[in-house]
Amino acid sequence: MLRGAALGAASPLIPATAAAASATTGRDRGGARAARSVSFRWLGTAGWRIDVAGRTVLFDPYLTRFRTGLFDGGLDPQTELTTDPALVDPHIGRPELVLVSHSHWDHLGDVPYIAKTTGARVIGTETTYHLLTALGVDPKQISVVKGGEVLDIGTITVEVVPSLHSRNKNCAYFAPGTLNAPPTTVPSTIADLPEGDTLAFRVTAGERGPSAFLMGASDFDERAVRGLRPDLAMVAVPTTATTTHHYVPRLLNALDTPGVVVPVHWDNFELPLSGSPVRDPAMNLDAFLAQIAKASPATRTVVPDYHTVYNGDMRPTVQ
């Protein structure tokens, strides 16, 4: 997801207090034992690391967080792609799967390095496939999906959900387009990574959950998400200029009011993960939280931190 409003000065995050603390995740899916068997780490932007019984899944892991001008007054489309292993390696473990929502740099940028150094299987669109192979990833490591697939990967089930990319006040967004063949040159700038269709994912741990709905952009296919009923919903915060109609109430209703909603993609993703999250001024996080409270009063909201490990109920674990 890319921002669609004018930029202002970034301000430090004041952590939100989780509401309705007595609420629990799971619709009779296994209770506390199942929740303890899973851990969630927010990787900033839309990214997550999910660990299930010693197995690791990454979603949209963008960790290098290089500067493009996006948060400094003007995006430079010719910004060179770069990956810094020293910034990536401490956060990823030994992933078996990397799920990619779409191919913009703040979602795909570090995936080629992760795939080549860990051997992880990447699941994404045809555009993601062509970009990764052009960047040197073994085609045998990449699974192309369109949405609707339910992939049984041992103790983890991944349901692929067709989705949509958010749009700005002009109903547009950065670098649209899809690839049906390899690019003519090796991608080297952020403009060389088109969106290439957008996916969401429902990841379920074991037979009894918990399940998490993962988004990479603040729009969705309402019919596609009905019936998913996730325990947790990692929901992308829209920009103040979004044109997605009644985004929050429509989404929560279609998901059957998840027990926990975790806002994502509201941080300045060009600042290091070593610090505390700093809000993107184009994202109105407070208004988003208020909309959740109004649309679904029983839902607990958890504003994540980079340095906290959460269990399957999205409560901090004791380290």
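The values are calculated or read from the model by the stated rules, or taken from the named source; none is laboratory data. Small disclaimer: the values here were computed from a predicted structure and weren't measured. Heads up, the Cβs are rebuilt from the backbone with ideal geometry, glycines too, and the neighbour counts pull from every protein chain shown.
Which of (1) at pLDDT 95 or above; (2) within 23 Å of E195 (Cβ to Cβ) does P258 not meet, given it meets every other one?
P258 satisfies all of (1) at pLDDT 95 or above; (2) within 23 Å of E195 (Cβ to Cβ) except (2).
From the list K169, K116, pick out the single residue that is among the basic types (K, R) and farther than 27 Å from S39 by Cα.
Unique residue meeting the criteria: K169.
Please count how many residues of the stretch 270-319 are of a type in the set (G, A, S), touching a strand residue (DSSP E or B) at 6+ places or on another chain (Cβ under 9 Å) and not in a loop (DSSP other than H, G, I, E, B).
Total meeting the criteria: 1.
Can you find a residue in the stretch 211-230 that is buried (at least 24 other Cβ atoms within 10 Å of the Cβ), more than 30 Å from Q78 (Cα to Cα), touching an Asp or Glu at 6+ places or on another chain (Cβ under 8 Å) and not acidic (D, E)?
yes
Filter the stretch 246-302 for residues that are more than 17 Å from the chain's Cα centre (by Cα) and acidic (D, E); which is surrounded by the most Cβ atoms within 10 Å (Cβ to Cβ)?
By that ranking, first place goes to D256.
Has the stretch 200-207 got at least one residue that is among the basic types (K, R) and at pLDDT below 95?
No, every residue in the stretch 200-207 fails to be among the basic types (K, R) and at pLDDT below 95.
Tell me yes or no: at least one residue of the stretch 263-271 is free of Cβ contacts under 8 Å to residues at least 60 places away in the same chain and farther than 17 Å from K294 by Cα.
Among the residues of the stretch 263-271, at least one is free of Cβ contacts under 8 Å to residues at least 60 places away in the same chain and farther than 17 Å from K294 by Cα, which makes the answer yes.
I'd like the residue in the stretch 208-230 that is touching a residue at least 60 places away in the same chain (Cβ under 8 Å) and among the charged types (D, E, K, R) and, out of all such residues, is farthest from I153 (Cα to Cα).
D221
Out of (1) in contact (Cβ under 8 Å) with a residue 24 or more places away in the chain; (2) farther than 22 Å from A191 by Cα, what's the single condition that is false for T79?
Failed condition: (2).
Collect the residues in the stretch 93-132 that are touching a Gly at 6+ places or on another chain (Cβ under 7 Å), of a type outside the set (G, A, S) and in contact (Cβ under 8 Å) with a residue 60 or more places away in the chain, keeping them in residue-number order.
Correct list: V100, H102, H107, T125, T127, T128.
Between Y306, Y247, which is closer than 18 Å to A46 by Cα, modelled with pLDDT of 95 or more and of a type outside the set (V, I, T)?
It is Y306.
Could you identify the single residue in A233, A191 that is touching a residue at least 12 places away in the same chain (Cβ under 8 Å) and in a helix (DSSP H, G or I)?
Testing whether each residue is touching a residue at least 12 places away in the same chain (Cβ under 8 Å) and in a helix (DSSP H, G or I) leaves just A191.
Do we find a residue being assigned to a loop (DSSP other than H, G, I, E, B) and buried (at least 24 other Cβ atoms within 10 Å of the Cβ) anywhere in the stretch 198-208?
no
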